[in-house]
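J.: Once you've had a glance at the structure underneath, I'll fire off some questions.
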Amino acid sequence: MQPVPITGIRSTVTRPLQAFTKDGGALFVEREEWTCFAYAPKPTSRIDKADVVFVGYGITAPDQRWDDFKDVDVRGKVVLIMNDDPSSDPALFAGKTRLYYGRWTYKYEEARRRGAVGAIIIHTTPSAAYPFQVVQSNHGQERCWLPFVDEQPLELAMWMTEEASRKLAALGGRDLDVLRKAAESRDFRPVSLDVQLSVATSNVVRALQSANVVGVMKGHDPLLRDEAVVVTAHFDHLGIGTPKNGDSIYNGALDNASGCAGFLALARALKDSKPRRSILFLSVTAEEQGLLGSEWYARHPTWERRNIVANFNFDGMNIWGRTRDLRLVGYGRSTLTEDVLAEASTRGRKVLPDANPETGMFYRSDHFNFARIGVPSVYPGSGSDFLEDGDTRRSVQRSYTALHYHQPSDEIDARWRLDGAVDDLRLWLAVLSRVADADRRPKWTKGDEFEKER
Ligand SMILES: [Zn+2]
């Protein structure tokens with residue numbers, strides 16, 4: 001057991017968000033126009049007549065020769081930021097694919113590194129990949145964090161609707177569309193709006209204790225056994241929550257009891273094998289709270305970090321039935337892709353890349369924290385080219401996201417077909433053994449954003 005300390009913070013707005021200009025100002029309606037959460041474990045968070053600066057995408061990316069901040073000092077200010085990453089030039093930021101620079105979590109992290117006191121992300125449905133209601137439903141809820149190591153005080157992290165952002169820009173004498181257009185260029189410089197903001201919250205902070213569970217299977221090759229392949233699956237889900245149709249138990253049968261079952265089946269199947277490298281079975285906590293268990297492990301690995309050679313992350317198995325294809329999130333990013341392709345082709349199966357790279361799936365489960373510390377990682381996904389009853393099964397599969405994802409109804413039902421999971425796991429077992437036994441350790445594809453640790 002690896003203890004994981006967690007800090008819970010729940011914020012209540014005590015002073016509404018108010019804008020001040022030379023000749024007036026405006027109030028912004030909480031929840032309707034904006035939401036917030038405290039970004040530091042303090043009893044109160046406050047922003048007092050801080051200047052607002054539009055910083056475009058808010059990205060500092062030396063590898064793309066891109067710096068939205070230039071030499072502008074935003075310490076003590078509120079930054080207004082666009083979500084996503086620039087897409088005007090396909091040669092930049094991997095074109096349509098969302099890089100980590102495009103994730104909202106990055107925006108707040110960078111604002112904090114820059115010493116901003118507040119950060120507002122402009123919500124648009126295309127750039128977030130979900131409607132404003134999703135952001136609204138988190139407003140006022142407890143958020144969980146790993147203990148804060150960074151003392152930089154970003155007081156409040158906020159989201160604002162596009163319409164309210166337009167209003168804010170107009171109060172500052174600017175047109176939001178003009179600002180956003182300018183931000184598509186490498187020459188963009190931050191724009192100070194002629195407006196100040198005030199807002200405050202009171203925060204309930206509590207300390208929680210959870211744990212990761214780690215199992216080690218020692219490698220058999222004296223030259224390679226110090227290296228480890230890590231298999232992960234998160235064991236948490238959402239617990240007890242808002243009742244839906246009279247049910248308040250969020251079971252998480254697919255997300256991620258199925259992944260945990262697959263993880264245990266792999267461990268059992270490998271029990272009598274003699275892999276050359278060691279294999280670490282890491283069952284992580286608090287994925288649903290922001291990948292916290294895996295982040296803690298990445299910060300405090302129980303295995304020497306430079307000797308962790310790969311990560312396979314199981315978050316949801318194929319419970320729909322046997323398929324000819326399968327998805328690989330992380331496709332093309334490392335030599336692990338070649339290992340998967342080799343084993344898949346001997347089984348006559350086709351490997352497809354992430355279906356929606358623009359939604360940033362690569363950053364949304366635990367393998368991301370291994371990628372961040374430089375470990376080549378993949379996240380297996382389910383195929384949809386079914387051997388039998390294709391249309392029916394595809395429609396059941398599609399309805400999952402709309403109806404059951406993160407709902408009490410994520411339960412086992414009569415439509416589950418575990419033969420698909422068995423098929424997939426046989427393949428993953430072969431891939432895992434192949435990577436654990438290979439002479440060479442996996443490598444990132446040249447130029448991948450995680451080739452350097454970040
Ligand atoms: Zn999950």
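J.: Which residues, counting only those in region 175-184, are surrounded by 19 or more Cβ atoms within 10 Å (Cβ to Cβ) and farther than 15 Å from residue 88 by Cβ?
T.: 176
J.: Only one residue in 85, 48, 63, 73 is open to solvent by 10 Å² or more (accessible area, probe 1.4 Å) and part of a loop (DSSP other than H, G, I, E, B). Which one?
T.: Only one candidate passes the filter, namely 73.
J.: In the set 415, 372, 347, which member is open to solvent by 30 Å² or more (accessible area, probe 1.4 Å) and modelled with pLDDT of 95 or more?
T.: Just one listed residue meets the conditions, 347.
J.: Separate question: Hey, which of the strands (runs of 3 or more DSSP E) in region 227-299, taking only ones fully inside, have at least 3 residues that are away from the ligand (no atom under 16 Å from the Cβ) and open to solvent by less than 20 Å² (accessible area, probe 1.4 Å)?
T.: 228-234, 278-284
J.: Is it true that residue 432 is open to solvent by 30 Å² or more (accessible area, probe 1.4 Å) and either over 26 Å from the mean Cα position of the chain (by Cα) or more than 28 Å from residue 239 (Cβ to Cβ) (or both)?
T.: Answer is no for this residue.
J.: While we're here: From (1) open to solvent by 50 Å² or more (accessible area, probe 1.4 Å); (2) out of contact with any helix residue (DSSP H, G or I) (no Cβ under 6 Å at 6 or more places or on another chain); (3) under 30 Å from residue 52 (Cβ atoms); (4) modelled with pLDDT of 95 or more, pick out the condition that doesn't hold for residue 222.
T.: (3)
J.: So residue 326 passes all but one of these: (1) surrounded by 23 or more Cβ atoms within 10 Å (Cβ to Cβ); (2) in contact (Cβ under 8 Å) with a residue 60 or more places away in the chain; (3) within 13 Å of the ligand (Cβ to nearest atom). Which condition number does it fail?
T.: The number of the failed condition is (3).
J.: Within the set of pairs 6+ apart or on separate chains, which have a first residue in region 256-274 that is closer than 14 Å to residue 428 by Cα, a second that is charged (D, E, K, R) and open to solvent by 20 Å² or more (accessible area, probe 1.4 Å), and C-beta atoms under 6 Å apart?
T.: Matching pairs, first to second residue: 259/315.
J.: Then there's this: Test residue 14 against the criterion of being of a type in the set (Ser, Thr, Tyr), outside any loop (DSSP other than H, G, I, E, B) and surrounded by fewer than 17 Cβ atoms within 10 Å (Cβ to Cβ), and give yes or no.
T.: For residue 14, the condition - of a type in the set (Ser, Thr, Tyr), outside any loop (DSSP other than H, G, I, E, B) and surrounded by fewer than 17 Cβ atoms within 10 Å (Cβ to Cβ) - is met.
J.: Within region 90-116, can you find the residues that are touching a residue at least 24 places away in the same chain (Cβ under 8 Å), out of contact with any Leu (no Cβ under 7 Å at 6 or more places or on another chain) and in a loop (DSSP other than H, G, I, E, B)?
T.: 92, 94, 96, 97, 98, 99, 103, 114, 115, listed by residue number.
J.: So which residues in region 163-173 are outside any helix (DSSP H, G or I) and surrounded by 20 or more Cβ atoms within 10 Å (Cβ to Cβ), if there are any at all?
T.: 172 - this is the single residue of region 163-173 that is outside any helix (DSSP H, G or I) and surrounded by 20 or more Cβ atoms within 10 Å (Cβ to Cβ).
J.: Please go through (1) away from the ligand (no atom under 16 Å from the Cβ); (2) among the hydrophobic types (A, V, I, L, M, F, W, C); (3) farther than 24 Å from residue 442 by Cβ for residue 421 and return the number of the only condition it doesn't satisfy.
T.: All conditions are met except number (1).
J.: I'd like the full set of residues that are under 14 Å from residue 157 (Cβ atoms) and surrounded by fewer than 17 Cβ atoms within 10 Å (Cβ to Cβ), limited to region 124-139.
T.: Those that are under 14 Å from residue 157 (Cβ atoms) and surrounded by fewer than 17 Cβ atoms within 10 Å (Cβ to Cβ): 138, 139.
J.: If a residue counts only when it is among the aromatic types (Phe, Trp, Tyr) and at positive phi, which strands (runs of 3 or more DSSP E) contained entirely in region 307-375 have at least 1 such residues?
T.: So the answer is none; nothing clears 1.
The values are calculated or read from the model by the stated rules, or taken from the named source; none is laboratory data. Predicted, not measured: the structure shown is a model, and the values here were computed from it. All Cβ positions, glycine included, derive from the backbone under ideal geometry; neighbour counts span all protein chains shown. The accessibility values were calculated without ligands, DNA or RNA, using every heavy atom of the protein model including side chains. Shrake-Rupley method; radii C 1.70, N 1.55, O 1.52, S 1.80 Å.
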